[in-house]
């Protein structure tokens, strides 16, 4: 590895949620590094517009990541058209807000399907191929909510806790295979998903480009967990080491217990209506 880390030039990457803020910024950043990028999301027209803006080096193909059979076929097609997948970036996610007992069963299933089951399936699908080749890197975008629970998004939090736990378990199995796995945990991202949310005390909201930059950085110099900004990592690790009564007291102090419940509903109308249907980008 050079002083600048691994070269990404010539590699093939899949980026899900590629028309959202983070996904789009990541696809663009990877293309600048010389990566061939398969961009996917549900809306083919939106993908085509994003691909046109980015320029050459991208393959825009629509996919519902919660359709696991379709996801497997998608990976096959990407490898046929661009070559073996070296990098998998699971960015797609949804975050509808409601009290836990008011969440419709259909929405619960959808959150788990997009945020967790798709991550597990694609990690298996691409990870198995990477192991056979002896190289590859999987990046699963979790959230600060994968360490720090918040009221108003219980299923979302569960899905992100699941992404963190699943990825850590996989990382133990990948030792010595030449394949890396990373969890990226952003705080509140300035995107449609965070519309109407208040800031977390002591942790600033981040731009999608910051998350994209962090992902490119960890692809060059692999490690398991990356927090954006670093302050969310300090909070997450610190909270994990203290007793639950104290942890919950600090949550109330930082207002992470109500950050979702106190969101402005009027600012979230468009986003909430979209995630109730087949949309899955961050």
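The values are calculated or read from the model by the stated rules, or taken from the named source; none is laboratory data. Keep in mind that this is a model prediction, so the values were computed, not measured. Counting neighbours? That spans all protein chains shown, and the Cβs are built from the backbone with ideal geometry, glycine included.
Here is how the numbers come out for the structure above:
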read-out: Residue satisfying all of: in segment 85-128; surrounded by fewer than 17 Cβ atoms within 10 Å (Cβ to Cβ) and under 29 Å from residue 179 (Cα atoms); farthest from the chain's Cα centre (by Cα) among these; value: 128
read-out: Boolean, residue 171 is part of a helix (DSSP H, G or I), surrounded by fewer than 18 Cβ atoms within 10 Å (Cβ to Cβ) and touching a strand residue (DSSP E or B) at 6+ places or on another chain (Cβ under 6 Å); value: yes
read-out: Qualifying residue in segment 93-101 (condition: in contact with a strand residue (DSSP E or B) (Cβ under 8 Å, 6 or more places away or on another chain) and outside any helix (DSSP H, G or I)); value: yes
read-out: Total residues in segment 34-61, condition surrounded by fewer than 19 Cβ atoms within 10 Å (Cβ to Cβ), touching a helix residue (DSSP H, G or I) at 6+ places or on another chain (Cβ under 8 Å) and part of a loop (DSSP other than H, G, I, E, B); value: 4
read-out: Near pairs, Cβ below 6 angstrom, 6+ apart or cross-chain, from segment 124-151 (in contact (Cβ under 8 Å) with a residue 60 or more places away in the chain) to any residue that is assigned to a loop (DSSP other than H, G, I, E, B) and surrounded by fewer than 18 Cβ atoms within 10 Å (Cβ to Cβ); value: 151/258; 151/261
read-out: Matching residues in segment 222-235 - criterion: being in contact (Cβ under 8 Å) with a residue 60 or more places away in the chain and assigned to a helix (DSSP H, G or I); value: 232, 235
read-out: Residue within segment 129-137 that is in a helix (DSSP H, G or I) and under 26 Å from residue 205 (Cα atoms) present; value: no
read-out: Pick from segment 205-214, criterion at pLDDT 90 or above and surrounded by fewer than 20 Cβ atoms within 10 Å (Cβ to Cβ), ranking: nearest to residue 170 (Cα to Cα); value: 213
read-out: Which numbered condition residue 217 fails, given (1) over 17 Å from the mean Cα position of the chain (by Cα); (2) surrounded by fewer than 19 Cβ atoms within 10 Å (Cβ to Cβ); value: (1)
read-out: Test for residue 76: is it in a helix (DSSP H, G or I), under 21 Å from residue 134 (Cα atoms) and out of contact with any helix residue (DSSP H, G or I) (no Cβ under 6 Å at 6 or more places or on another chain); value: yes
read-out: Condition met for residue 69 (at pLDDT 95 or above, in a loop (DSSP other than H, G, I, E, B), within 21 Å of the chain's Cα centre (by Cα) and farther than 19 Å from residue 8 by Cα); value: no
read-out: Inter-residue pairs, beta-carbon under 6 Å, first assigned to a helix (DSSP H, G or I) and in segment 236-259, second exposed (fewer than 15 other Cβ atoms within 10 Å of the Cβ), 6+ apart; value: 254/201
read-out: Selection status of residue 233, touching a helix residue (DSSP H, G or I) at 6+ places or on another chain (Cβ under 9 Å), surrounded by fewer than 19 Cβ atoms within 10 Å (Cβ to Cβ) and modelled with pLDDT under 90; value: yes
read-out: Segment 63-73 - residue that is surrounded by 18 or more Cβ atoms within 10 Å (Cβ to Cβ) and without any contact (Cβ under 8 Å) to a residue 60 or more places away in the chain and, of those, nearest to residue 27 (Cα to Cα); value: 63
read-out: Residues of segment 191-204 satisfying the condition of being part of a loop (DSSP other than H, G, I, E, B), surrounded by fewer than 20 Cβ atoms within 10 Å (Cβ to Cβ) and in contact with a helix residue (DSSP H, G or I) (Cβ under 7 Å, 6 or more places away or on another chain); value: 195, 196, 201, 202
read-out: Inter-residue pairs, beta-carbon under 6 Å, first free of Cβ contacts under 8 Å to residues at least 40 places away in the same chain and in segment 16-28, second surrounded by 24 or more Cβ atoms within 10 Å (Cβ to Cβ) and part of a loop (DSSP other than H, G, I, E, B), 6+ apart; value: 27/18
